[in-house]
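Working notes, structure below.
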Amino acid sequence: MLYISEKNKIVVDVTKPPYSADPTGREDCTEALCRALDDILAREVEGVRKIRQKLLDDPRDNFRIGFENRKMGGVPTVIFPEDPPPARILYFPAGTYLISDTVTYSLDNLVNLINDKPSSDLNRFIHFLGEAEDRVTIHLADNCRLFRHGECRPMVSFCRTNGSNVNMMNSFENITLDTGSGNPGAVGLRFHSANTGKIMNVTIRSSDPAHRGYAALMMDLCQENYTYNLKIDGFTYGIYSTGNGHSRAFERVEMDNVLGCALFSEAGIVGLHDAVLRTYGTAVHAFNQTAVSLVNVEMEHLGPRGGTAVSTRCSCTYLRHFSARGFSQAVVNAYETVLCGDGAWEEYNSCDHPYALFPVKQTYLELPKEPQPRYEWNGDRSIVAEVDDYGAVGDGLTDSTDAIRAAMKSGKEYIVFGEGQYKVSGEIPIPASVKAVNFMYCDFVLDPAFAEEKDKGLFVIEEDSDGILYLDDAFVFEKFYGYLRFIRHSARRDLAISDVHVQTGAFYYNTVPGSRVWLENVASTMGVFGGIGYGATPCFHFRGQTVWARQYNPERSAHNSLAEEGTDMWIYGFKTEGPAGRGFTFRSGSRGEVICGDATIGTDDGTPCVEVEDSSAFVFLRTQGGGPHHQFIYAVREVQNGCERKLLPRDLPPYGVEYYYIPGYIGMRQQ
């Protein structure tokens, strides 16, 4: 259940004025929903205008405001406003919402500026949230002319143009989309996100008697996304993925009555975990420069036997624990039939041998996997403490440290933040009495002296507990910068974190081992490149923990993701980035499994993409960069019992001219 405060405007109920969308399914809601999106996103337009004017008003020809906004030779560049606008969640109470056209924004000037010229759409912080998936339906009217055959037109679209790479922290949750009857050109959802973005608990169905519709879910030029619990019924395409995205990770997916192809991908990195695909055509079709991984996937052909379960004409394909039934061919790779007929298989890799530097007895490392646990608020307001009630002020100027501490010590189990930016000057302990903290997508501003503190965290877990601590929904932007980490974990207590983006600072480290940590849709983008100064602080540093990370985005530190002292870490869906920074490091008896993503912008100074020291790891990824000298000249550096060996790019399948795939490296700790 969503907590709705009476003190702020974070939750925008679309059924209330000024939008008054009709939840009965009788009145057309298209105009009201589009207007609500425009009102939310217009604040970004104003933010760009203000930063641009601030740059122009300064007498200097060359200077910066924050990390992304600058003036060079008197010409301003505004990537995104330094201070994000207060969060807004577009909330749909139970009901049916009738539409007749695409629900999206209409702002032509919703763009950032490169050299004072319009560039990418600033379509970020778009949150669609329904009361419950089975009780909220957005329904397309039957026989809409705009959605006729050949149109490929979405019901809901997160982007009006050809894309963006600053569209972070978008979400679409707890909603059913129904494309109605007689709309063969309809797309249920066109989703865009970068760095952080999530679709969860969503059904997309065609109620057409012949299951007609173009595609249920379309991702074109979507950089990173995690999708969990997706159900699709009908359509020519179930998931239609185009453009060179870094990671599109799908987990717990069920498709039925797909007329053509359940998962179609022509480029990028795509993963499918725990899925059932029932189709009259092909289950998976991947071509061009796609890297596709399928784990725990059942595929069934509807109707007479025929077709192909998995058809690939792409760079790398990896399958584990998969089955096919009713198809003529199970796997066809580059026009060659690899597996025929019905069956269940343990593993298939389109690369015909494992990449190992030391002797191994197995081709993959399968760590135990646990789903992300979630806190369910029961609606009892007596257990909630809003930090604003204790004197916290989200104006970015008032020191709210003591007020937030007081809320944490209130004895309430559910701590909720308000809108805006909270200035903080010291560590904030989270006691064992607190079960969950919802930041409501707020921001934090660090006192300069506090920012320089090493081995400290803004939020600190120091009391042991048998209960899980849940931390959700934060967007921590450019004024969280320094040596400080967002979380210091110094107790035996399990921790579940979802939808938290830290733009210019380190995210997590622990001083006490033995806990379980779940991460879902999280990012840590250091404000500097390279391994010096603040950049020497790992984005994520785990010691002796058990970790599950889904949609994981560590960037720009010397060790983007460092696991040591016997840590077990399962990673699904990711992007790493940054010169002088390793993508993943596993040390001192740790085990790591890394699937579905990009390690981007390496360096040619000898820093490896993956480092394994007296540990075990399985890695399926792609490297990528943005220019010359962005290649990791060592794909893997592995050290076992003092003996060092390196996996070189020349031994791996190429991606373009400079980059390459690591399509199933396996390293096993030598006893």
Discussion item. At q = 0.12, 0.13, 0.18, 0.29 Å⁻¹, what log₁₀ I(q)/I(0) does region 41-107 have when each alpha carbon counts as one equal point scatterer in the Debye sum?
Written reply: -0.47, -0.52, -0.74, -1.26
Worksheet item: Given region 284-435, what percent of its DSSP beta bridges are antiparallel, to the nearest 5?
Response: 30 percent
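If the viscosity is 0.692 mPa s and the temperature 37 °C, what translational diffusion coefficient in µm²/s does Stokes-Einstein give for region 381-667 when Rh comes from Kirkwood over Cα pairs?
On the way: Rh = 19.2 Å.
Value of D from the Cα-based Kirkwood radius: 171 µm²/s.
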Item to complete: For a footprinting-style exposure proxy, rank 272, 446 by other Cβ within 10 Å, fewest first.
Response: 446, 272
Worksheet entry | Debye equation applied to the C-alpha atoms of region 589-666, log10 I(q)/I(0) at 0.21, 0.24, 0.27 Å⁻¹ | -0.91, -1.14, -1.35
Worksheet item: Simple spin-label model, 7 Å along Cα-to-Cβ: residue 210 to residue 361 in nm?
Response: 5.8 nm
Worksheet item: Using the Cα gyration tensor of the chain, with a ≥ b ≥ c the square roots of its eigenvalues, what is the shape: rounded (a/c below 1.5), prolate (a/b larger than b/c) or oblate (neither)?
Response: rounded
Practice prompt. Within 10 Å of each residue's Cβ, count the other Cβ atoms and sort 442, 340 from fewest upward.
Written response: 340, 442
Worksheet item: Antiparallel as a % of all DSSP beta bridges within the chain, to the nearest 5?
Response: 15 percent
Practice prompt. Give me the percent of DSSP beta bridges within region 381-667 that run antiparallel, rounded to the nearest 5.
Written response: 15 percent
Response to the item:
Per the Kirkwood formula over distinct C-alpha pairs, the hydrodynamic radius of region 121-261 in angstrom is 14.7 Å
Worksheet, complete the sentence: At q = 0.27 Å⁻¹, the log10 of I(q)/I(0) for region 323-374 from a Debye sum over equal Cα scatterers comes to -1.06
Worksheet entry | Mean separation of Cα contacts under 8 Å, 6 or more apart, over the residue count of region 495-580: relative contact order % | 28 percent
Practice prompt. Pop out the ³J(HN,Hα) list for region 221-233 in order, Karplus 6.51 cos²θ - 1.76 cosθ + 1.60 with θ = phi - 60°, rounded to Hz; leave Gly and Pro as x.
Written response: 6, 7, 6, 9, 6, 10, 10, 10, 6, 10, 10, 10, 9
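Viscosity 0.890 mPa s, temperature 25 °C: Stokes-Einstein D of region 313-439 from its Kirkwood Cα radius, in µm² per second? It would help to have the intermediate numbers written out before the result.
Values: Rh = 20.1 Å.
In µm²/s, the coefficient is 122.
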Fill in: Extension gain (nm, one decimal) between residue 244 and residue 382, 0.36 nm per residue minus Cα-Cα
44.9 nm
Fill in: Per-residue Cβ neighbour rank within 10 angstrom, fewest leading, 646, 412, 454
454, 646, 412
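Laboratory data are not the source of any read-out in this text; all were calculated from the coordinates shown. Keep in mind it's a predicted model, so treat the numbers as computed, not measured. Every residue, glycine among them, receives a Cβ derived from its backbone with ideal geometry; neighbour counts consider all protein chains shown.
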